[in-house]
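All remarks here apply to the structure that follows.
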Amino acid sequence: MAVTEAVPPLLDVRGLTKRFEVVRQEGVRRIPETIRAVDGINLRLTKGETLGLVGESGCGKSTAGRTILRLIEPSSGVVLFEGSDLARLSDREMRSMRRHLGIVFQDPMSALNPRMRVRDILAEPLQVHGIVRTRREAQERACALLHLVGLRADMAERYPHEFSGGQRQRIGVARAIATEPRLIILDEPISALDVSVRAQILNLLADLQEQLQPAYLLIAHDLSVVRHACDRVAVMYLGIIVEEGPSDALFAETLHPYTRALLAAAPSVDPGRPVRRTPIEGDVPTAVSIPTGCRFRTRCPIARPICAEEEPELREWRPGRTAACHFAGDPS
């Protein structure tokens, strides 16, 4: 989907933060600490668009997704969905709003109630939101949802453990689209699946988006996953966005050294042209003790003295391209 500034955003996230207060035990001392999991991010998403949110494990991207949906309460910030600030809705108002919001979790097995038949798993959101009036109508809709995600209607009588991982994820997708939400957050939807079924799930999601026109926020740690699936990509590191731009432009020219490192570490998607992976040196620093200046400087191959002294702001370096780096675009 072509995205222009004239199109009003479906989702407009401004200054979103999520902090967790924890206590660290050091001998007999209990030391309170603050985990800055999400540290003031901005995101915009329009109808029918797919935005990829990528980064290593522990960078805060899954926390950001769940905080946007208020599965985790935000510490501060604004989350405008069709003009309504989700962060400030009452519990009753939020329950009503959830009809328009969906999520697909990483682990399809743990996301499905093992004691419920698939027909009841899919019927539940329809009944909760008053979309169907009778149990029979709910079960008919459940069968139609299974057909929509490429499964047989008679599978509705089975329990989650009777399905393969790929089939369970299709059921998770069916549940997410049951109420025809306008925004769906896909939290690492294929990372727990075999390589052979990952493309099937991505193709299914693309087909459903073409039919139903929801916006997707696709959370992933592998840039190769989002390369062809997303209209735009936002790269997250240690609680903040460090680069954002249209997918084609970002992959043609990376501006931030972290994005460049993620690309170098990603596996090749073309078996005929294998690419040697270059792991990113070092580990993500703890969100309790964030480095001064640039957060990536402790692992950055081009870090210079200014990087330890001044935190770079996320600003536009190319039309429609932003990066938080003092030397954006510098490959040296």
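Residues that are free of Cβ contacts under 8 Å to residues at least 60 places away in the same chain, closer than 30 Å to V225 by Cβ and among the charged types (D, E, K, R) within region 17-54 comprise K18, R19, R44, listed in sequence order. Among (1) surrounded by fewer than 24 Cβ atoms within 10 Å (Cβ to Cβ); (2) more than 18 Å from P160 (Cβ to Cβ); (3) in contact with an Asp or Glu (Cβ under 9 Å, 6 or more places away or on another chain), there is one condition A192 misses while meeting the rest; what is its number? Against the list (1) surrounded by fewer than 24 Cβ atoms within 10 Å (Cβ to Cβ); (2) more than 18 Å from P160 (Cβ to Cβ); (3) in contact with an Asp or Glu (Cβ under 9 Å, 6 or more places away or on another chain), A192 comes up short only on (2).
Does region 78-111 hold any residues that are closer than 23 Å to S57 by Cβ and not hydroxyl-bearing (S, T, Y), and which are they? Even if it seems obvious, please write down each step before you answer.
Step one: list which residues in region 78-111 are closer than 23 Å to S57 by Cβ, which gives 103-111.
Those that are closer than 23 Å to S57 by Cβ and not hydroxyl-bearing (S, T, Y): I103, V104, F105, Q106, D107, P108, M109, A111.
Of the strands (runs of 3 or more DSSP E) contained entirely in region 200-258, those carrying at least 3 residues that are out of contact with any helix residue (DSSP H, G or I) (no Cβ under 9 Å at 6 or more places or on another chain) and buried (at least 18 other Cβ atoms within 10 Å of the Cβ) fall at 240-246. Within region 57-108, the set of residues being of a type in the set (V, I, T) and closer than 16 Å to R182 by Cβ comprises I68, V79, I103, V104. Listed by first and then second residue, the pairs with beta-carbon distance under 7 Å, at least 6 apart or on different chains, first residue in region 87-98 and outside any helix (DSSP H, G or I), second at pLDDT 95 or above, are L89/M97.
Taking region 67-104, which residues are on the phi > 0 side of the Ramachandran plot and of a type outside the set (G, A, S)?
Going residue by residue through region 67-104, those that are on the phi > 0 side of the Ramachandran plot are 70, 77, 82-83.
R70, E82, listed by residue number.
Evaluating M116 against the criteria (1) more than 26 Å from A220 (Cα to Cα); (2) in a helix (DSSP H, G or I) leaves one unmet condition, (2).
The single condition among (1) in a loop (DSSP other than H, G, I, E, B); (2) over 23 Å from H100 (Cβ atoms); (3) modelled with pLDDT of 90 or more that P9 does not satisfy is (2). Looking across region 281-332, the residues that are basic (K, R), under 25 Å from T17 (Cα atoms) and in a strand (DSSP E or B) come down to R315, R321. Remark: E124 falls outside the filter, which requires a residue to be part of a helix (DSSP H, G or I), farther than 20 Å from R95 by Cβ and either touching a residue at least 12 places away in the same chain (Cβ under 8 Å) or out of contact with any strand residue (DSSP E or B) (no Cβ under 6 Å at 6 or more places or on another chain) (or both).
The values are calculated or read from the model by the stated rules, or taken from the named source; none is laboratory data. Just so it is clear, the model here is predicted, and its values are computed rather than measured. So basically every Cβ, Gly included, is an ideal-geometry build from the backbone, and we count neighbours across all protein chains shown.
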